[in-house]
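The values are calculated or read from the model by the stated rules, or taken from the named source; none is laboratory data. Keep in mind it's a predicted model, so treat the numbers as computed, not measured. In this analysis, Cβ positions are derived from the backbone assuming ideal geometry, glycine residues included, and neighbour counts consider all displayed protein chains. Ligands, DNA and RNA are stripped out before the accessible areas are found, and what is left, the full protein with its side chains, is counted by its heavy atoms. Shrake-Rupley method; radii C 1.70, N 1.55, O 1.52, S 1.80 Å.
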Amino acid sequence: MSQRIFRDASARSTLDAWYSRFLAHVRAPVTHREVTTTLGPSHVLCVGDPALPPLLVLHGAMASSAHAANELGPLAERFHVLLPDVPGQSIRGPEVRPPLKTDAHARWLLEVLDGLGLKSVDLYGISWGGFVALQTATVAPARVRRLVLLVPAGVVSGPVWAGLTQLAIPMMLYRSFPSEERLRRFATPLLTTWDEEWGRYLGDAMRSFVPDLRPPPLATAERLRGFQTPTLVVGADNDLSFPGPKLLARMKELIPHAQVELIPNCRHIPPTNDAFRGWMAERVTRFLATAGPATAEAHARSA
């Protein structure tokens, strides 16, 4: 079931080196696990004290568990954070890109939960990981106690012209003709604050991954009818990919009970600094502490 995810062996080495570099910044203790899934062996990065409550975090496209772990901030001190590497979107993930118009991503994540021995879990999805997280909570609501989505894919689309001129074309130009100027031009609309490591990584990732140009299907009211899982959705007001105001308005239509939060002056990749990490950790912790998990009766109604 293997697919071509990376350009070549050199690209693999480049991305693997970046994985180690981001992982080296993680301050909490880390361990690694591997679980069996139908998509192949799946790597899970485990961060923090195993005695703490589990929190499963899904990273964004063309990133990795190490990238997400690097942005946890105080969450790693409050939870045992489990970070699977998403298929087709990470150097450590299964080398397959599951179909998007089926529940393949959710089935994979449910197998990961089984492999970790987790009947249910609090789930936190970032960007592409948000698409996978929402799909999983929809398919198997009894397995997701509470749901956090940060700039999730699969809810709204961005403006076509701005996306083409400010994101797609600069990305293609950098991929074909890399230079410092072109790197800044394509990475700046994504990064809220210029971060040398994130900027350089985005450049290498763009040239190392075989691009996955499939947009995830948008969530529908029919699909989410009766959805009861407590949900927090955080959007970014200047996000070209998934504009924050539009995202939060649609989430309230789809999931009326959802809590929503808009980050001001923020692009798709939020600030990569301790101040934002601390704020996000506080917001997630407060939500998880106060939002009770959906009842069995609610799950039955949504099934």
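Residues in the stretch 84-98 carry Karplus couplings, in order, of x, 8, 5, x, x, 10, 7, 5, 9, x, x, 8, 8, 10, x Hz; the curve used is 6.51 cos²θ - 1.76 cosθ + 1.60 with θ = phi - 60°, and Gly or Pro positions show x. When both bridge partners sit in the chain, DSSP labels roughly 30% of those beta bridges antiparallel.
Enclosing the Cα atoms of the stretch 67-120 in their convex hull gives a volume equal to 101 cubic angstrom per residue. Specify the angular offset, from 0 to 90 degrees and rounded to the nearest 10, of the alpha carbon long axis of helix 128-139 from the longest principal axis of the alpha carbons in the chain. Once rounded, one gets 20 degrees. The listed residues Met251, Met206, once ranked by accessible area (1.4 Å probe) with the largest placed first, stand as Met206, Met251. Under 5 Å from the amide H of Asp122 lie the amide H atoms of Leu56, Arg145, Arg146, each residue being 5 or more positions distant or on a separate chain, with H modelled from the backbone and absent for Pro and chain starts. For the stretch 184-226, chymotrypsin sites (Phe, Trp or Tyr not before Pro) meeting the loop criterion (DSSP other than H, G, I, E, B) and having at most 14 other Cβ atoms within 10 Å: Trp194. Annotation: aspartates and glutamates with alpha-carbon distance below 15 angstrom to Lys246 (same-chain offsets under eight excluded): Asp237, Glu261.
Rounded to the nearest 10 degrees, the angle from helix 9-23 to the longest Cα principal axis of the chain is 60 degrees.
Heavy atoms only, probe 1.4 Å: what % of the accessible area of the chain goes to carbon and sulfur, would you let me know? C and S fraction of accessible area: 56 percent.
Percent of Cα-Cα pairs more than 25 Å apart in the chain, please. Considering the chain, 45 percent of its Cα-Cα pairs are separated by more than 25 Å.
Counting charges near Asp103 (Lys, Arg +1; Asp, Glu -1) among other residues having Cβ under 14 Å from its Cβ returns a value of +3. Taking amide H as placed 1.01 Å from N in the peptide plane, Val155 has its amide H under 5 Å from the amide H of Ala219, each at least 5 places away in sequence or on another chain. With R₀ set to 41 Å, the beta-carbon distance separating Ser179 from Val35 gives a calculated FRET efficiency near 0.50.
Remark: the chain carries 43 Å² of accessible area per residue (probe radius 1.4 Å; ligands, DNA and RNA excluded). Taking Lys and Arg as +1 and Asp and Glu as -1, the other residues whose beta-carbon sits under 12 Å from that of Ala219 total +1.
By DSSP, the beta bridges lying fully in the stretch 1-150 are antiparallel in about 45 percent of cases.
From its DSSP helices (H runs of at least four residues, each -39,500 (n - 2.57)), the chain gives a residue-normalised ellipticity at 222 nm of -11500 deg cm²/dmol.
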